[in-house]
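Below is one structure, written out as structure tokens; comments come after it.
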Amino acid sequence: MIDVKAWETAVLDGGPADGLRMKVSDRPRVIQVTYPCPVEAAPPGVRAEGVYIYRRDYGVTSEPLRYGFDAASP
């Protein structure tokens, strides 16, 4: 069980989720953001999502933690 006191505010910089604020626990190194993509004539249950990666800025040590868009991944 995660201790509620361990939650910290983080903000995403750049990319499709620029400015998005969230709560994170244990200061993850990366955050993955997905964005649904419309599909045409897909079989039942099939979906497509764009995947975007944000990497933690280790120079920021207090809230809000910052995560920068990684245009080169995945």
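I'm told Pro38 meets every condition in (1) surrounded by 10 or more Cβ atoms within 10 Å (Cβ to Cβ); (2) more than 10 Å from the chain's Cα centre (by Cα) except one. Can you identify the failing condition by its number?
The number of the failed condition is (1).
Condition first: under 18 Å from the mean Cα position of the chain (by Cα), exposed (fewer than 15 other Cβ atoms within 10 Å of the Cβ) and of a type outside the set (A, V, I, L, M). Now tell me which residues in region 43-58 satisfy that.
Glu49, Gly50, Asp57, Tyr58
One line per residue, one yes/no per condition, for (1) out of contact with any His (no Cβ under 8 Å at 6 or more places or on another chain); (2) open to solvent by less than 80 Å² (accessible area, probe 1.4 Å); (3) at pLDDT below 95:
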residue	(1), (2), (3)
Ile2	yes, no, yes
Ala10	yes, yes, no
Lys23	yes, no, no
Asp26	yes, no, yes
Pro64	yes, yes, no
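The values are calculated or read from the model by the stated rules, or taken from the named source; none is laboratory data. Source: prediction; values computed, not measured. Positions of Cβ are generated from backbone atoms using ideal geometry, with glycine treated the same way; all protein chains shown enter the neighbour counts. We work out accessible area using only protein heavy atoms, side chains counted, and drop any ligands, DNA or RNA first. Shrake-Rupley method; radii C 1.70, N 1.55, O 1.52, S 1.80 Å.
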